[in-house]
Amino acid sequence: MSYNSKLEDRIDHFFIDNELLEKKKQMGGVGWLINGNMCFGIFEDLLVVRFEESIARSLVSKKGVSLFEQEQDDLNGFISLEPIIYNNNKAFRKFLTHSFDYTSTLPAKEHDDTRNLDLDL
């Protein structure tokens, strides 16, 4: 199943000059990372954002907000927003900004990145 490309364009436009974000296609959608940490992304027609876990749990009582639960164990603090939420420009900006600010405070993740290896074969 594909993801919402119009939502992708809105996010790209909102963060057009931000060099901290790295965009990656993954898990059947697209995600934006800061220092290897998932910040927000799109899965199907949902906007997925990262918050402090306690805040994320408090937000799920709102209409159009739910915990984002996938098979990965490291998705604590992720919530999914339905179009009723992210189609409101004020809410869209607020959720993305908070997610960006929070994820920016997390320590960088170390990955086994073989792209930068100098291999003489």
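The values are calculated or read from the model by the stated rules, or taken from the named source; none is laboratory data. Keep in mind that what you see is a predicted model, and the values were worked out from it rather than measured. In this analysis, Cβ positions are derived from the backbone assuming ideal geometry, glycine residues included, and neighbour counts consider all displayed protein chains.
Return a yes/no flag: does the range 12-19 have any residue that is modelled with pLDDT of 95 or more, in a helix (DSSP H, G or I) and either among the charged types (D, E, K, R) or at positive phi (or both).
Yes - at least one qualifying residue is present in the range 12-19.
Can you name the residue in the range 1-35 that is surrounded by fewer than 14 Cβ atoms within 10 Å (Cβ to Cβ) and of a type in the set (Gly, Ala, Ser) and, of all such residues, is nearest to Asn88 (Cα to Cα)?
Checking each candidate, the answer is Ser5.
Of everything in the range 25-45, what is outside any strand (DSSP E or B) and in contact (Cβ under 8 Å) with a residue 40 or more places away in the chain? Give them in sequence order.
Once the filter is applied, which keeps residues that are outside any strand (DSSP E or B) and in contact (Cβ under 8 Å) with a residue 40 or more places away in the chain, the range 25-45 yields Met27, Asn35, Gly36, Glu44, Asp45.
Within the range 38-58, track down each residue that is over 16 Å from the mean Cα position of the chain (by Cα) and more than 26 Å from Ala108 (Cβ to Cβ).
Ser58, the sole residue that qualifies.
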